[in-house]
Each structure stands twice: as C-alpha cells, then as structure tokens.
1. Note the angle between two axes, namely the Cα long axis of helix 207-219 and the longest principal axis of the Cα atoms of the chain, as a number of degrees from 0 to 90, rounded to the nearest 10.
2. Taking only C-alpha pairs under 8 Å that are 6+ residues apart, what is the relative contact order of the chain in percent?
3. Find the Cα radius of gyration of the chain, compare it with 2.2 N^0.38 Å by division, and give the number to two decimals.
4. What residues have an amide H closer than 5 Å to that of Ala458, excluding those fewer than 5 places away on the same chain, when H is modeled at 1.01 Å from N in the peptide plane?
5. Calculate the length of the line joining the C-alpha centroid of segment 82-132 to that of segment 292-352, in whole Å.
6. Taking θ = phi - 60°, what integer Hz values does the Karplus form 6.51 cos²θ - 1.76 cosθ + 1.60 yield along segment 446-451, in sequence order, with x for Gly and Pro?
7. Note the angle between two axes, namely the Cα long axis of helix 233-245 and the longest principal axis of the Cα atoms of the chain, as a number of degrees from 0 to 90, rounded to the nearest 10.
8. What is the spin-label model distance, in nm, from Leu408 to Glu368 if the labels are put 7 Å beyond Cα along the C-beta direction?
Amino acid sequence: MKSAAQGAVRVMFPNPTAFQHPLLQLMPYAPSAPKYLLAFQDEVHTVFDVNSSVDVRLERALQLHDRLERLHRLPDRTQLLAEVLKHAATDLPHPVVYEQLAHAQLAQDGIAIHHEGPGTPYLCWIRSSKDGLSVAPTSCSRSSAATVWKQVVDRLISSELYAFNALGLNDALASIRMLQLHILYGAVRTASPTTEDRISFFEGPALSLWNALIESLQGRGAFTPELQDLYGRAAQMVIWHRLRGELNVEDLAKSTQPPKSKQALEGHIVILEPIPPANAAEDKEALRRYEVLQAPIPVQSLPSVAEIDNIQTRLLCEFPWAAHVVEELMAELRTRRLFGGMELGLTPTLLVGAPGCGKSRLSRRIAEELNVSTCALSFAGMSDSMALLGTSRGWSSGQASPLIDVLLRARSASAIIQLDEIDKSDTRSSNSIPPTVALLNLLEPENAKRWRDNFLQATCDLSKLMFIATANTLTPIPKPLLSRFRVFLVPSPKQEHFMAIAQGAIADLSTEWGLPKDALPTLHIRDLPALPMSAREIRELIRSHLARWAKDHLAIRH
C-alpha cells in the first residue's frame with residue numbers, strides 16, 4: 001500500500017515514457033546471453049521490481065550510475081542510464097530521480113554538474129566534461145536536462161503548499177538544486193532568456209518556491225543548521241549576486257550609465273593636471289607624447305564568471321603545483337564580478353618561493369589571460385627609486401616612470417606591474433628614498449590616486465594598476481611593505497609536474513620565436529631526466545632538446 005507521501009509525489013510528477021535503446025527493448029534476454037548483459041538486466045529488473053519496496057527501488061535507481069560503470073563492456077552506458085531513469089520516473093516520480101535523469105542527459109551532451117566545496121552555500125555550476133570549461137546558459141536552456149528542470153519546477157510551483165510536506169528531505173533538497181539550475185541555466189521564460197528574465201524569475205516565483213520548500217522542512221524539524229548554511233539564505237544571496245554580476249552591458253543600460261564597450265570601461269584620467277612646460281627641446285618632444293593620458297582612457301573590464309572559470313582551468317593545467325595560488329586569485333576576481341563589479345582589479349599580491357618555481361611566469365600568464373599589459377621591474381640590487389618615480393628633466397637620461405610608459409603604450413589605465421625579487425632590493429640609498437619605500441604609496445589605492453611623476457612634474461592617478469611581486473624569502477622585506485601584500489607561498493614543482501612546465505616552456509618559445517602554436521614538437525616524459533629540477537632548469541632542458549631535435553630532423557644533410 002502506497003503512503004500519502006508517495007501518492008503526493010506521483011500527482012506532482014507524472015511522466016509516462018517508453019524505452020528506445022535496443023538493449024532495453026530486447027529484454028528479457030535468453031539465458032545463453034553474455035554474462036555482462038544478464039548482469040545489466042538484473043540491475044534494471046531490480047529498479048522496476050514492483051514486488052520490492054519503493055524505498056529499495058528508489059535506492060537502486062539512484063545507485064544505477066555506479067553500477068553501470070562497473071559493467072564496462074556495455075556500450076553507451078550514459079544513454080542507457082538516461083533511458084532507464086526516464087522510464088523509472090514513471091513508477092518512481094521523485095525529484096531525486098529526476099535530478100539523476102537530468103545529470104545523465106547532460107552527460108550525453110558532454111556536460112557535467114559541479115558545485116562549490118564543503119561548507120559553502122550549495123551552488124551548482126555546469127562545465128564541459130571534455131575540458132572542464134564553463135558552459136554558457138544559452139548552451140543548456142534547450143537541452144533535455146533543462147526540460148526536466150522546467151517540468152519539476154513548474155509542477156512544484158503549481159502544487160498546493162500542503163504537498164511540500166509530503167516530500168522527504170532528499171526530494172526537497174533535490175528540488176532546490178534543480179531550481180537553482182533552472183534559474184541559472186534553464187529556459188525560465190523564453191527559449192533564450194536574458195539575465196533580466198532570470199533575475200525577474202528568481203525574485204518572483206522561484207524565491208517563493210524555494211522559501212516554501214525550506215518552510216516545509218523547518219516545520220518538520222528536518223532543516224538543520226548545517227542545511228540552512230548550505231541551502232538557505234546564504235545560497236539565495238549567492239544566486240542573486242551571481243545573476244547581478246552576470247548582467248551584460250545592454251542590460252545595465254536600463255538602470256545605469258553603461259560603458260560603451262563590453263571589453264573596456266571608458267573614463268579614467270591618468271594625468272590629473274596640466275604638465276608644466278619644459279625648456280629643453282628634447283624634453284618638450286617627450287612630454288607631448290603623454291598628453292593623451294590627460295584625457296579619459298579605458299579601464300579593462302572584469303571577465304564574466306564563466307570566463308574567469310575558464311582562465312582558472314587553463315592556469316591550473318599549466319601550474320598544477322601552485323593550484324591554491326591560482327584558485328585564490330581567481331576567487332577574488334569571481335567575487336568582484338558576482339557582486340556586480342565591472343572594473344578589473346586585484347589586491348597587491350606577493351608570490352614567495354624558491355628560485356625557478358615559476359613565480360614570474362605565473363604572474364605573466366595571469367596578465368595574458370586578463371588581456372592587460374605588463375611592466376616587469378627587477379628590484380635585485382636596486383638602490384634608487386628613480387626607476388619607479390621617473391628621472392628629473394634636464395638630464396640626458398630624463399624620462400617618465402615606466403609605470404606611466406606602460407599605460408601610454410597600451411592606451412589603457414589597467415596594467416599588471418611585476419615587481420621581481422623585492423627581497424633583494426638595496427635599502428641603502430643616498431640619492432633618493434629606497435625603492436621599497438617608494439612602493440608604499442603605490443600599493444595604497446588612495447595614495448596611488450595622487451602619485452607624482454618626477455619627469456612629468458604632475459599628479460597622476462595610478463589606482464587602476466595591479467601589482468604582483470615575487471621574492472625568495474620574506475625576511476629582508478620591510479614590515480610596512482609586507483603588510484600591503486597578500487602573501488602566497490608557491491611550492492617547488494615535483495616530478496609529476498614536469499610535463500606541465502615543459503609544455504608551458506614550449507608555448508613560450510613558440511611565442512618568443514614568432515612561430516605558430518603547434519610548430520614545435522611535443523616533448524615526451526622520457527625526454528626528461530628523473531632528477532629534481534626547477535622550472536627554470538626544465539626550460540633550459542627544453543631549449544637543448546629542441547636544438548637536438550632540429551639537428552636530427554630538420555638539418556640539411558650533405
């Protein structure tokens with residue numbers, strides 16, 4: 001005899017289906033069929049065995065994915081799983097079954113569901129199974145999985161409130177998870193909903209449904225504090241901020257003054273006052289170049305959340321030994337974007353590690369992925385801050401700060417300044433303040449807005465610059481300077497990371513030599529000695545390997 005809960009679930013989720021896969025249509029198999037087919041038949045039979053209890057059948061249906069994985073000789077297991085779950089939903093119309101069905105249908109399209117780590121509000125993300133890159137909502141809104149989410153959500157919205165009390169804990173939580181996916185990736189109002197459509201749907205019927213599911217669990221004492229943290233108000237705020245952060249420029253135009261370009265935000269003036277005239281003819285000509293910085297120039301925009309996810313995936317492939325550094329830096333960018341930030345920015349960062357662990361290359365690759373210019377300044381042995389502040393006029397070596405020059409070359413207010421080996425700076429200086437002291441004002445946003453260049457003799461706003469410094473040790477760095485950085489330890493790569501370093505070195509050499517991406521031969525692990533090496537040593541090994549390869553394969557024989 002079916003319980004009231006099972007009856008309520010059936011009323012909310014009726015979905016008659018039929019088998020289409022040949023292996024399912026041919027059941028029952030003859031006793032002489034291969035053993036793996038008979039094993040598969042037994043698994044499916046258990047799911048549909050009406051003589052078993054609903055709880056047992058439900059448990060077996062939810063375990064079917066793992067069981068099919070063990071039957072490795074079965075062809076097209078993902079399609080089989082989707083077919084069985086689709087049919088099982090007829091007799092087991094539970095949200096948890098529909099959730100598994102949607103997952104299986106996404107897997108058929110090469111898409112996987114991921115979510116934030118333990119202890120964080122539960123938020124589903126969709127990524128490509130092939131390369132781990134984020135999938136745009138428009139790629140999913142017309143999928144079979146999106147149809148399942150919509151069916152579940154529509155049924156729940158149209159149900160009477162009392163019916164929610166019939167849902168068990170697992171079904172209720174599965175409903176919330178599918179509601180999240182429907183908000184973020186489903187066809188919430190039209191086949192191609194805009195971000196505004198998703199926000200409107202979330203703030204209206206979706207939020208009401210979500211709260212009703214929570215209230216039904218709270219009324220039964222099933223919504224523990226741990227579940228409240230994962231599925232409650234915090235998760236709702238994450239969804240809301242993510243949607244607000246993903247508004248594109250056209251959507252923002254409805255309520256704010258938007259940037260003219262999605263790729264760059266207009267309106268930052270670097271040189272804030274008139275540049276005093278120079279006496280020397282060479283200085284006059286040099287100063288004329290900087291007049292462009294007295295007018296508004298672009299500020300680079302933050303990438304979308306999906307783009308940040310993809311940048312993180314690429315960097316993790318290149319720097320697996322520095323995963324925590326990549327994840328933390330990308331988390332900051334993602335957080336800024338989720339809260340609606342549009343301008344690219346990064347907290348001053350100090351990477352500390354042994355020589356050759358890839359600190360400088362990681363800094364450069366971050367700049368390349370963010371599509372901003374870089375200026376690398378070596379502090380090793382530097383005792384004079386003129387390299388930062390610019391040199392005075394009237395001297396043959398008079399010139400503006402390289403920080404100003406990088407903005408002039410890029411015609412952008414955004415750039416990453418790479419401060420190499422700041423632990424090796426010479427703090428003894430008789431001609432000017434030490435460079436580490438000059439850095440203090442640059443690393444404070446308010447002071448950076450009123451920074452003075454010695455050559456230009458004008459106040460400049462360098463607040464859009466981003467700083468990534470490197471050091472081998474923290475001990476020599478003055479505490480006032482150290483306090484202005486967010487510090488990350490970059491471990492030395494291990495032997496299992498050598499191939500990632502090698503591939504990165506080959507990519508760098510291709511760029512350095514002006515060659516196409518795949519012009520250089522692929523390196524094999526057997527070409528690397530099994531000795532501990534730094535990233536710098538591996539790069540030198542790559543150069544030697546390529547020289548030998550070119551001699552053996554490309555040299556003309558006489």
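Please treat every number below as a calculation from the coordinates, not as lab data. These numbers come from a predicted model, not from an experiment. When we count neighbours, we look across all protein chains shown, and the Cβ atoms used for this are built from the backbone with ideal geometry, even at glycine.
1. 60 degrees
2. 11 percent
3. Normalised by 2.2 N^0.38 Å, the Cα Rg of the chain equals 1.23.
4. Asp453
5. Segment 82-132 and segment 292-352 have Cα centres spaced 29 Å from each other.
6. Computed from phi, the couplings for segment 446-451 are 5, 6, 5, 6, 10, 8 Hz.
7. On a 0 to 90 degree scale, this one is about 60.
8. In this crude label model, Leu408 to Glu368 measures out at 2.7 nm.
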